[in-house]
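**Student:** Mind having a look at this structure? Questions to follow.
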Amino acid sequence: MALIVPALRRLSHYMQSAALWSVIGILRGVGPERASNAGGWLMRRVGMKLPATRVADQNLQRALPELAADARQQIIRDVWTNLGRNVTELPHLASFTQSEIGPGWEIEGEEHIAALQAQGRQALFFSGHLGNWELILPIAASLGVPVAGFYRASSNPAVEGATQKMRQKALGSTGTMFPKGPKGARQALTHLQNGGSLGFLVDQKMNDGLAIPFLGRDAMTAPAVAQLALRFNLPIIPVYIVRLGAGRFRMVCEAPLQAERTGDRHADIRSICVAMNETLERWVRERPGAWLWLHRRWPKEPAALPVI
């Protein structure tokens, strides 16, 4: 029995991998626009029936209380549609190049990248789960900026292997991603010390960190970007992806974040985190259907005390 179980597990992983690569092959065969449309349609239909839809609705009620129920439902449909598009665009990630029309990407604010390159400077970039965030690092690589990022490994080996292969193909030989955790943190620190830049998605739920306001409520916020910026004296560049259509995107690169650096380390870390969350909030309010409302970004509300 001790030998049978590992063998069955390996067989299961092999079958999952074979099935997954078959689906990837089909998605590549139909082209990026059809793949994107199919993923958006399917995920919208399925996602609206999942428990995460209730989480998103609760988040919206608390963060944007002025919205009526039908407006919230439309935003959640947009969220599911975008997520489905992102998944089925992944097999095409390496094929998206800078272009004026059709599948591909354009850029706004490239002068901020050019300024860094002209000065030979490295930087810290931050973004959130907006549009197709998977494109940020490939676009940076295309622009000749060695920005490394982080990934959370999937518990499913078949999904993990396929996802990382598609990401790495899009990143090319100069792109790097580090696993989240102590080992990845050490690798990222070495990358910085060697003159590279780092990119962070800073809108995920955390159980620790700093309590920083975000959309009207305190959200536990990772201080890593602020700590590294102060330690290495690096500019912090806000970037995000705007979805323009099926397989069509715009990366917006904004001017370096302006946050006062007084020399009081704790105060400066908090000031930078506040500025980052304010920037994220502005993006989300401009395009609420583009942000991933499906996760529990904020701590649970305390239970109401019974009326005596």
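The values are calculated or read from the model by the stated rules, or taken from the named source; none is laboratory data. Keep in mind it's a predicted model, so treat the numbers as computed, not measured. Please note: Cβ atoms are built from the backbone with ideal geometry, for glycine as well, and neighbour counts cover all protein chains shown. Surface accessibility is based on the protein's heavy atoms, side chains included, excluding ligands, DNA and RNA. Shrake-Rupley method; radii C 1.70, N 1.55, O 1.52, S 1.80 Å.
**Student:** Would you say Gln164 is in contact with a Leu (Cβ under 8 Å, 6 or more places away or on another chain) and either in a loop (DSSP other than H, G, I, E, B) or within 27 Å of Gly181 (Cβ to Cβ) (or both)?
**Tutor:** Judged against the criteria, Gln164 is not a match.
**Student:** Something else about it: Which of (1) open to solvent by less than 20 Å² (accessible area, probe 1.4 Å); (2) in contact with a Cys (Cβ under 7 Å, 6 or more places away or on another chain); (3) of a type outside the set (A, V, I, L, M, F, W, C) does Glu110 not meet, given it meets every other one?
**Tutor:** Glu110 satisfies every listed condition except (1).
**Student:** For the range 54-70, indicate whether the set of residues that are surrounded by 14 or more Cβ atoms within 10 Å (Cβ to Cβ), of a type in the set (Lys, Arg), outside any strand (DSSP E or B) and in contact (Cβ under 8 Å) with a residue 24 or more places away in the chain is non-empty.
**Tutor:** Scanning the range 54-70 turns up no residue that is surrounded by 14 or more Cβ atoms within 10 Å (Cβ to Cβ), of a type in the set (Lys, Arg), outside any strand (DSSP E or B) and in contact (Cβ under 8 Å) with a residue 24 or more places away in the chain.
**Student:** Only one of (1) in a loop (DSSP other than H, G, I, E, B); (2) out of contact with any Phe, Trp or Tyr (no Cβ under 8 Å at 6 or more places or on another chain) fails for Asp203. Which number is that?
**Tutor:** Among (1) in a loop (DSSP other than H, G, I, E, B); (2) out of contact with any Phe, Trp or Tyr (no Cβ under 8 Å at 6 or more places or on another chain), the lone unmet condition for Asp203 is (2).
**Student:** For the range 85-107: of the residues being assigned to a loop (DSSP other than H, G, I, E, B) and in contact with a Pro (Cβ under 8 Å, 6 or more places away or on another chain), which is most open to solvent (accessible area, probe 1.4 Å)?
**Tutor:** The extreme case among them is Pro103.
**Student:** Inside the range 186-219, can you point out the residues that are open to solvent by 70 Å² or more (accessible area, probe 1.4 Å) and under 16 Å from Arg296 (Cβ atoms)?
**Tutor:** Lys205, Asn207, Asp208, Gly216, Asp218, listed by residue number.
**Student:** Here's a follow-up. Here is a list of conditions, (1) open to solvent by 20 Å² or more (accessible area, probe 1.4 Å); (2) farther than 25 Å from Cys253 by Cβ; (3) not hydroxyl-bearing (Ser, Thr, Tyr), and Ala158 meets all of them except one; can you say which number that is?
**Tutor:** Result: Ala158 fails condition (1) only.
**Student:** One residue is enough: does the range 245-264 have a residue meeting the conditions under 26 Å from Ala52 (Cβ atoms), open to solvent by 80 Å² or more (accessible area, probe 1.4 Å) and either out of contact with any strand residue (DSSP E or B) (no Cβ under 6 Å at 6 or more places or on another chain) or not in a loop (DSSP other than H, G, I, E, B) (or both)?
**Tutor:** Checking the range 245-264: not a single residue is under 26 Å from Ala52 (Cβ atoms), open to solvent by 80 Å² or more (accessible area, probe 1.4 Å) and either out of contact with any strand residue (DSSP E or B) (no Cβ under 6 Å at 6 or more places or on another chain) or not in a loop (DSSP other than H, G, I, E, B) (or both).
**Student:** Now for a different question. Residues in the range 35-45 that are open to solvent by 40 Å² or more (accessible area, probe 1.4 Å) and either touching a residue at least 24 places away in the same chain (Cβ under 8 Å) or part of a loop (DSSP other than H, G, I, E, B) (or both): how many?
**Tutor:** The qualifying residues number 6.
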